[in-house]
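The values are calculated or read from the model by the stated rules, or taken from the named source; none is laboratory data. Everything numeric in this text was worked out from a predicted model, so none of it was measured. Glycine gets a Cβ as well: all are built from the backbone with ideal geometry, and neighbour counts include every protein chain shown. Keep in mind that these areas ignore ligands, DNA and RNA; they rest on the heavy atoms of the full protein, side chains included. Shrake-Rupley method; radii C 1.70, N 1.55, O 1.52, S 1.80 Å.
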Amino acid sequence: MNEMLWISFALVDLCMVLVVYRFFGRVGLFGLMVFNLLLCNIQVLKTIELFGLTTTLGNILYASVFLATDMLSEFYGKKEARKGVLLGFISLVMMVGYMQLALKFIPAADDFAQPHLAALFGFMPRIAVASVIAYLVSQMHDVYAYHLVKRWTEGRHLWLRNNLSTWISQLLDSLIFCTIAFWGLFPFGVFMEILFSTYIIKLVVACLDTPFIYLARRLFASRHAVENNA
């Protein structure tokens, strides 16, 4: 059951990247990066069983953030991609800070939301720091690696730069997040299992996004020409 839901969720989310881009262009990609990043940092608190591995639910939405970053890199260049990454970073820092502040307010006697908000957003500062640092480093590396491979291949082999940059960046993300968040909290064997399962699931979703960046290039070629010449 989980596997079918997961595959359907991944495909719908990747399709929505194209839908949002169709109607809102690069501004839509910026907005989508922020939306998916904030939402996946809530969904990451839920663990599920997939293909015999225990993983977090947020991996789907996080992988589509990489698709949006690669689309910005491909169609608008390194500067716009980095702008999207920094917008996501600032939004994530603001969400963490604002929700920690919100939890400090003393709730009314008949309030029912405080314990639920505390369960979702009262996570350890260590987890929040891990998420913010892993996001910034991996996304900035993704932009750098994407353009490096594009230069090496002289603009050919879109599938190669899309996958190679994301695979390495996702590995960096998993290593940084798991090390900061979980090192010393679990036995080494359990830590490695968490790291392995997290990366494998992200890798599968990363591979799924390749047809979508080709679709975007084919369907919206006229948009790229108009916006780049504007």
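Testing Thr69 on (1) surrounded by fewer than 20 Cβ atoms within 10 Å (Cβ to Cβ); (2) more than 14 Å from Val204 (Cβ to Cβ), one condition comes back false. Which one is that?
Every listed condition holds for Thr69 apart from (1).
Within segment 180-195, identify whether any single residue is at pLDDT 85 or above, among the hydrophobic types (A, V, I, L, M, F, W, C), under 30 Å from Ser73 (Cα atoms) and under 16 Å from the mean Cα position of the chain (by Cα), and answer yes or no.
Among the residues of segment 180-195, not one is at pLDDT 85 or above, among the hydrophobic types (A, V, I, L, M, F, W, C), under 30 Å from Ser73 (Cα atoms) and under 16 Å from the mean Cα position of the chain (by Cα), which makes the answer no.
Condition check ((1) hydrophobic (A, V, I, L, M, F, W, C); (2) farther than 28 Å from Glu49 by Cα; (3) open to solvent by 70 Å² or more (accessible area, probe 1.4 Å)) across all residues:
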| residue | (1), (2), (3) |
| --- | --- |
| Leu148 | yes, yes, no |
| Trp152 | yes, yes, yes |
| Gly155 | no, yes, no |
| Ser165 | no, no, no |
| Ser169 | no, no, no |
| Pro187 | no, no, yes |
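Suppose we filter Tyr135, Tyr199 for residues that are of a type in the set (Ser, Thr, Tyr) and over 20 Å from Lys79 (Cα atoms); which single one remains?
Matching residue, one of Tyr135, Tyr199: Tyr199.
Quick check, is Gly77 at positive phi, more than 10 Å from the chain's Cα centre (by Cα), open to solvent by less than 30 Å² (accessible area, probe 1.4 Å) and at pLDDT 90 or above? Before the answer, list the steps.
Values: at positive phi: yes; more than 10 Å from the chain's Cα centre (by Cα): yes; open to solvent by less than 30 Å² (accessible area, probe 1.4 Å): yes; at pLDDT 90 or above: yes.
Yes, satisfied.
I need the full set of residues from segment 117-144 which are farther than 12 Å from Thr166 by Cα and open to solvent by 60 Å² or more (accessible area, probe 1.4 Å), in order please. Reasoning before the result, please.
To start, the set of residues in segment 117-144 that are farther than 12 Å from Thr166 by Cα comprises 117-137.
Residues satisfying the conditions are Leu117, Ala119, Leu120, Met124, Pro125, Arg126, Val129, Ile133, Val137.
I'm checking my understanding of the structure. Among residues of segment 50-63 that are open to solvent by 60 Å² or more (accessible area, probe 1.4 Å) and out of contact with any strand residue (DSSP E or B) (no Cβ under 8 Å at 6 or more places or on another chain), which one is farthest from Ile213 (Cα to Cα)?
Just the residues of segment 50-63 that are open to solvent by 60 Å² or more (accessible area, probe 1.4 Å), to begin with: 51-52, 54.
If we keep only those that are out of contact with any strand residue (DSSP E or B) (no Cβ under 8 Å at 6 or more places or on another chain) too, we end up with 51-52.
Values: Phe51: 26, Gly52: 30 Å.
Going through the qualifying residues, I end up with Gly52.
If you go through segment 203-230 one residue at a time, how many are within 29 Å of Met4 (Cβ to Cβ) and either open to solvent by 50 Å² or more (accessible area, probe 1.4 Å) or at pLDDT 80 or above (or both)?
The qualifying residues number 14.
Is there a residue being open to solvent by 40 Å² or more (accessible area, probe 1.4 Å), free of Cβ contacts under 8 Å to residues at least 12 places away in the same chain and under 21 Å from Leu61 (Cα atoms) anywhere in segment 90-113?
Yes, there is a match, as at least one residue in segment 90-113 is open to solvent by 40 Å² or more (accessible area, probe 1.4 Å), free of Cβ contacts under 8 Å to residues at least 12 places away in the same chain and under 21 Å from Leu61 (Cα atoms).
Every residue in segment 18-57 that is at pLDDT 85 or above and more than 26 Å from Ala128 (Cβ to Cβ), please.
Passing the criteria: Leu18, Val19, Val20, Tyr21, Arg22, Phe23, Phe24, Gly25, Arg26, Val27, Gly28.
Mind telling me which of the residues Glu74, Glu49, Glu80 ends up being over 18 Å from Leu136 (Cβ atoms), among the charged types (D, E, K, R) and assigned to a helix (DSSP H, G or I)?
Of Glu74, Glu49, Glu80, the one residue that is over 18 Å from Leu136 (Cβ atoms), among the charged types (D, E, K, R) and assigned to a helix (DSSP H, G or I) is Glu74.
Mind listing whichever residues of segment 154-172 are free of Cβ contacts under 8 Å to residues at least 40 places away in the same chain and either within 14 Å of Asn59 (Cα to Cα) or of a type in the set (A, V, I, L, M) (or both)?
Hits for segment 154-172 are Leu160, Leu164, Trp167, Ile168, Leu171, Leu172.
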